[in-house]
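Scroll down for the structure; my scribbles are underneath it.
The values are calculated or read from the model by the stated rules, or taken from the named source; none is laboratory data. Since we're looking at a predicted model, the values are computed, not measured. Glycine also receives a Cβ, built like all others from the backbone with ideal geometry; neighbour counts cover every protein chain displayed. Remember, those area values only see protein heavy atoms, side chains included, never the ligands or the DNA or RNA. Shrake-Rupley method; radii C 1.70, N 1.55, O 1.52, S 1.80 Å.
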Amino acid sequence: MKSNIINISIIIILVLGVLFAGCFLLPWDSMNWGKLQLISAQTVTVSGEAKSKQKSQIATFNAGVNSTKDSKDEAASEVNQKIAAIIDALKKFGIKPEDLKTQNLSVYQSQEQYWEDSRQKTRPGQWQVNASVEITLRDVDRATDLANLLTSSGATNVYGPNFSLDNTQQAEKALLEEA
């Protein structure tokens with residue numbers, strides 16, 4: 001029993017000795033107390049800036065048509081005819097088929113509200129059909145001509161031109177090297 005107490009005392013003294021030595025030997029000023037890890041080595045950060053002006057390479061437009069009819073088929077047929085006429089005019093203008101993209105097609109029936117027996121009710125109303133096409137113009141100097149064509153060819157909604165670069169990879173690479 002006496003030897004057990006001596007062994008336990010020796011173990012306690014050794015643990016306390018290790019803890020006491022750790023208080024003086026560990027690099028406390030290098031400790032990051034948020035995560036209890038050593039602070040990482042110092043780093044160098046370099047930043048740069050480069051600017052460039054580029055002429056717009058493409059212009060995009062959205063042109064749409066709509067129709068409201070009592071018959072869904074009549075409304076859809078009218079919209080299809082109008083969109084086909086616009087696409088024909090665009091192709092004659094010189095827009096390639098790969099630069100034309102159907103953007104939106106919407107077919108829905110509106111709800112009409114009416115009063116009956118002092119209560120408001122709804123019933124099916126007219127059919128509304130909308131369609132739009134996105135156009136990419138690669139000769140940005142002709143943007144005004146294309147806008148005039150779209151407004152005169154039956155489009156009821158025209159948005160654009162939105163100018164941008166077609167391919168930004170080369171410009172980004174040159175700017176990164178310059179920076």
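Quick notes on this structure:
- Residues of segment 145-179 that turn out to be open to solvent by less than 50 Å² (accessible area, probe 1.4 Å) and more than 25 Å from the chain's Cα centre (by Cα), as a count: 7
- Residues of segment 45-75 classified as farther than 25 Å from Glu134 by Cα, under 27 Å from the mean Cα position of the chain (by Cα) and charged (D, E, K, R), total: 3
- Yes/no for Lys69 being modelled with pLDDT under 90, of a type in the set (Lys, Arg) and open to solvent by 50 Å² or more (accessible area, probe 1.4 Å): no
- The listed residue being polar (S, T, N, Q) and within 18 Å of Ile58 (Cβ to Cβ), out of Thr122, Thr144, Thr151: Thr144
- Among the residues here, Ala59 does not qualify as open to solvent by less than 30 Å² (accessible area, probe 1.4 Å) and in a helix (DSSP H, G or I).
- Among the candidates Gln57, Gln103, residue that is in contact with a Leu (Cβ under 7 Å, 6 or more places away or on another chain) and modelled with pLDDT under 90: Gln57
- Within segment 111-144, being over 17 Å from Lys69 (Cα atoms), of a type outside the set (Ser, Thr, Tyr) and loosely packed, with under 12 Cβ neighbours inside 10 Å holds for Gln113, Trp115, Glu116, Asp117, Arg119, Gln120, Lys121, Asp141.
- Those residues of segment 75-90 which are surrounded by fewer than 18 Cβ atoms within 10 Å (Cβ to Cβ) and in contact with a strand residue (DSSP E or B) (Cβ under 8 Å, 6 or more places away or on another chain), in sequence order: Ala76, Glu78, Asn80
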